[in-house]
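**Q** Please see the structure below; I have some questions.
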Amino acid sequence: MTARPEVEEFDHPDVVVVPHGPMLLRGATSVQGVDGTVHDVRRPVVALCRCDKSSRLPFCDGTHKVIPRR
Ligand code: FES
């Protein structure tokens, strides 16, 4: 397995919930979707969809920006 220094500098992921938007995960190495599929994470920060409308679930694709707010 190859080391990924941009991820290893964190002890654990940081989580930021964006109002009316995604959940940002910093330092994650993988994400498991609701169907059980495990996605490798290769970026220092990933955006996870919270509106369930993304075409790239479990990741945010920006679709939340065009969904009317309740
Ligand atoms: S939160 Fe961005 S597409 Fe769902």
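Nothing in this text is a laboratory measurement; each read-out follows from the coordinates by a stated rule. Treat the numbers as computed from the prediction; the structure is a model and nothing was measured. Glycine gets a Cβ as well: all are built from the backbone with ideal geometry, and neighbour counts include every protein chain shown.
**Q** Among the residues of the range 25-40, which ones are surrounded by 13 or more Cβ atoms within 10 Å (Cβ to Cβ) and either without any contact (Cβ under 8 Å) to a residue 24 or more places away in the chain or more than 20 Å from Asp14 (Cα to Cα) (or both)?
**A** Leu25, Arg26, Gly27, Ala28, His39
**Q** I'd like the full set of residues that are out of contact with any Ser or Thr (no Cβ under 7 Å at 6 or more places or on another chain), near the ligand (Cβ under 10 Å from one of its atoms) and not in a loop (DSSP other than H, G, I, E, B), limited to the range 46-69.
**A** Ala47, Leu48, Phe59, His64, Lys65, Val66
**Q** For the range 22-45, enumerate the residues that are more than 12 Å from the ligand (Cβ to nearest atom) and in a strand (DSSP E or B).
**A** Leu25, Arg26, Ser30, Val31, Gln32, Val38, His39, Asp40, Val45
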